[in-house]
Each structure stands twice: as C-alpha cells, then as structure tokens.
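The structure appears right after this line, and notes come after that.
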Amino acid sequence: MDAPILITDDQLLIERCRSGHPEAFGDLVSKYQRRLVRTLGTLLGNGHDALDVAQEAFLKAFLNLDSFRGDAAFYSWLFRIAWNGAATLRRKQRVRASVSLDAIREMSGAEPDDISSMSDPTRALQITEDQQLLRQSLNELGEDYRTALILKEIEGLSYEEIASLTDCPIGTVRSRIHRARQELRAKLDRTLKAVER
C-alpha cells in the first residue's frame, strides 16, 4: 500500500494561483521572502543585490509556475532560480562574493533578545571584532567551500538539498562542508594564536 500523499500549504497556494487567483502567490512571497533575501545576502555579501536577485527570482517563479512539477519543495525550486540569478550577477560583477553577518542581522531585523547585555561597550566591541574575524575567515575560503558551508550552517539545508541546488554529487557536498569546517577552524585558530602573542 502506498503512503498517502501529503498536500502542503505551498501546493494549495500554487494550485490556487494556477487556477486564476494570482494573489495566492503573494502568500508564497510573504512566506519565503525574508529567508531567501537573508540567504542571498550571505552568499552575495550585499543586501541590495540580495533584494534584487530575490525579486527577480520571485518574478521568474511566478511567470514559470506552470513548470513547477512539485518533485521538490517549492522553496528549493525557488532557491534554485535565485541561485542561478546570484551566479549570473557574480559573473557580471566579477567580484568575489563576501559574507556579511551584519547584513544577515540587518536583513532579518533580528536583534539580540537581551539588549542590556549590549550596553557594555567592551562586549559590543568584542562581538564586532569576532564578527569581523569570522567574516574575514569565511571570505578566505574558496567559493565552493564557503557556499556549501553557508547553505548548511546558516540556511540549514540538508546535504541532498545542497547537492540539488549546486548540481554536485552529495559526496562532493559532504566533502566541501567537511573541508570548509576544517579550513575555517584552522584559520580562526591561527588568527587567535597570533592575537594572543
């Protein structure tokens, strides 16, 4: 006996949109816009570019909604469109993508839960220095390693989803993430030891 097919909210919204209610797509945009822009901001290192690529991805997804077969989750399909847009933008700009943890916080609107702990200027300075150190170390990773690590650790995608998005075998994805973690750890260790001297 086959397992029952579960219909997701996304599938219902897509079917509504396909049946002549385009406003249903607005619900999909509301549901995924913040997540998509946050991830693109991390990959591109620029909030404005992330917004542009996300808007273009949503437009392409809307115009090509009939081609969505439902083999993967809607967000995976949408992210693949955005991923291609980001790759095109990077090629056009011919600049190395950088990671901005500050941009993630800015794009998500998230603030620390305990604002009082930020009132200590030395703590705020230490956090800023730590963020700069992490950002610099991430930027020194090769683009393939950095991208795989960001998709896994920041976006929380599975190995299978990352493999699908990057058109890489799952073994390559696992290897890149493992290697990226090792390189990032080594870079941070070297930098911290140099600071302690």
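Only the coordinates and a few stated rules stand behind these numbers; no lab work does. Keep in mind that what you see is a predicted model, and the values were worked out from it rather than measured. Note that each Cβ is placed from the backbone with ideal geometry, even for glycine, and that neighbours are counted across all protein chains shown.
Exceeding 24 Å between C-alpha atoms, which entries from my cross-link table qualify? They are Lys92/Lys152; Lys31/Lys152; Lys31/Lys60.
Table pairs above 24 Å Cα-Cα are Lys92/Lys152.
May I ask you to order 144-153, 65-74 by the average number of other C-beta atoms within 10 Å around their residues, highest value first?
144-153, 65-74
Compute the separation of the alpha-carbon centres of region 138-169 and region 22-100 and state it in Å as a whole number.
If we compute the Cα centre of each part, the gap is 15 Å.
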